[in-house]
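The structure appears right after this line, and notes come after that.
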Amino acid sequence: MSLTEDISNAVLNGKRKEVKKLVPQAIEEGIDPQVILDEGLIKPMGVIGDQFSAGEVFVPEMLVSARAMSTGTEILKPYLIDEGAEPAGKAVIGTVKGDMHDIGKNLVRMMIEGKGLEVEDLGVDVAPEQFVDYVKENPDCHLVCMSALLTTTMPEMANTVKAFEEAGMRDQVKIMIGGAPVTPAYAEEIGADSYTDDAGEAANVAAELAQQF
């Protein structure tokens with residue numbers, strides 16, 4: 001079994017310490033950092049995402065795998081920068097204003113990173129203008145991902161879409177929304193581009209949308 005396969009299995013099984021040991025070993029052995037990323041870290045997260053969508057694994061398993069993947073990507077980052085490796089796209093994510101929940105948002109962030117996208121996490125209680133300002137300052141960011149766990153904070157999603165419209169920037173971004181009370185009908189109502197009901201699906205949609213830019 002190759003080192004990249006060992007890394008992949010470690011990610012699938014959520015073994016962060018193994019990933020931390022194996023990734024530097026793979027680099028020392030001269031394996032291309034991009035190959036380590038694609039085969040060892042991104043590929044197994046795609047498997048986990050599919051298993052989650054199929055109801056074969058659940059949030060705890062996804063979280064430990066995503067954390068293992070993140071450990072590996074942190075080690076790889078300087079090597080990928082040296083090689084001039086380009087991310088598959090750039091996204092900004094946050095829980096909307098008034099909402100302090102972040103477990104789902106964090107999981108979605110890690111799953112999107114698992115697709116090779118660069119993700120800036122603005123955290124929780126993020127006002128519409130913060131999303132807009134970030135995209136203004138980072139014009140290469142074309143994905144805006146919003147999470148809400150409370151029905152009372154869902155209107156902030158609509159306010160954020162409106163803020164992008166008022167700034168004349170709506171056509172620069174694709175807006176994705178999700179969270180327990182959010183529905184496809186609500187996404188359509190407020191003019192969002194996508195609603196996803198789990199982190200695996202969100203990652204797949206984010207990767208597809210990123211290719212449009």
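The values are calculated or read from the model by the stated rules, or taken from the named source; none is laboratory data. All figures in this text were calculated on a predicted structure; none of them were measured in a lab. Heads up, the Cβs are rebuilt from the backbone with ideal geometry, glycines too, and the neighbour counts pull from every protein chain shown. For the accessible areas, the whole protein counts, side chains as well, though only heavy atoms, and no ligand, DNA or RNA atoms are used. Shrake-Rupley method; radii C 1.70, N 1.55, O 1.52, S 1.80 Å.
For segment 178-213, which positions are polar (S, T, N, Q) and open to solvent by 30 Å² or more (accessible area, probe 1.4 Å)?
Answer for segment 178-213, where residues must be polar (S, T, N, Q) and open to solvent by 30 Å² or more (accessible area, probe 1.4 Å): 183, 204, 211, 212.
Considering only residues of segment 17-44 that are of a type in the set (Asp, Glu) and over 18 Å from residue 70 (Cβ atoms), which is least open to solvent (accessible area, probe 1.4 Å)?
Only one residue tops the list, namely 32.
Restricting segment 92-101 to residues that are in contact (Cβ under 8 Å) with a residue 40 or more places away in the chain and open to solvent by 20 Å² or more (accessible area, probe 1.4 Å), which is nearest to residue 200 (Cα to Cα)?
Among those that are in contact (Cβ under 8 Å) with a residue 40 or more places away in the chain and open to solvent by 20 Å² or more (accessible area, probe 1.4 Å), it is 101.
Which condition number in (1) open to solvent by less than 60 Å² (accessible area, probe 1.4 Å); (2) part of a helix (DSSP H, G or I) is the one that residue 14 fails?
(2)
When you scan segment 45-91, how many residues do you find that are touching a residue at least 40 places away in the same chain (Cβ under 8 Å), open to solvent by 20 Å² or more (accessible area, probe 1.4 Å) and touching a strand residue (DSSP E or B) at 6+ places or on another chain (Cβ under 6 Å)?
Summing the residues that are touching a residue at least 40 places away in the same chain (Cβ under 8 Å), open to solvent by 20 Å² or more (accessible area, probe 1.4 Å) and touching a strand residue (DSSP E or B) at 6+ places or on another chain (Cβ under 6 Å) in segment 45-91 gives 1.
Please enumerate the residues belonging to segment 137-176 that are open to solvent by less than 50 Å² (accessible area, probe 1.4 Å) and of a type in the set (Val, Ile, Thr).
144, 153, 160, 161, 173, 175
Quick one: in segment 106-123, of everything that is in contact (Cβ under 8 Å) with a residue 40 or more places away in the chain and among the aliphatic types (A, V, I, L, M), which residue is most open to solvent (accessible area, probe 1.4 Å)?
If we take residues in segment 106-123 being in contact (Cβ under 8 Å) with a residue 40 or more places away in the chain and among the aliphatic types (A, V, I, L, M), then 108 is most open to solvent (accessible area, probe 1.4 Å).
With the condition kept exactly as written, say whether any residue in segment 128-145 is in a strand (DSSP E or B), in contact (Cβ under 8 Å) with a residue 60 or more places away in the chain and touching a Gly at 6+ places or on another chain (Cβ under 8 Å).
Checked against the condition, which is being in a strand (DSSP E or B), in contact (Cβ under 8 Å) with a residue 60 or more places away in the chain and touching a Gly at 6+ places or on another chain (Cβ under 8 Å), segment 128-145 yields at least one hit.
Of the conditions (1) under 19 Å from residue 174 (Cα atoms); (2) out of contact with any Cys (no Cβ under 6 Å at 6 or more places or on another chain), residue 135 fails just one. Which one is it?
The failed condition is (2).
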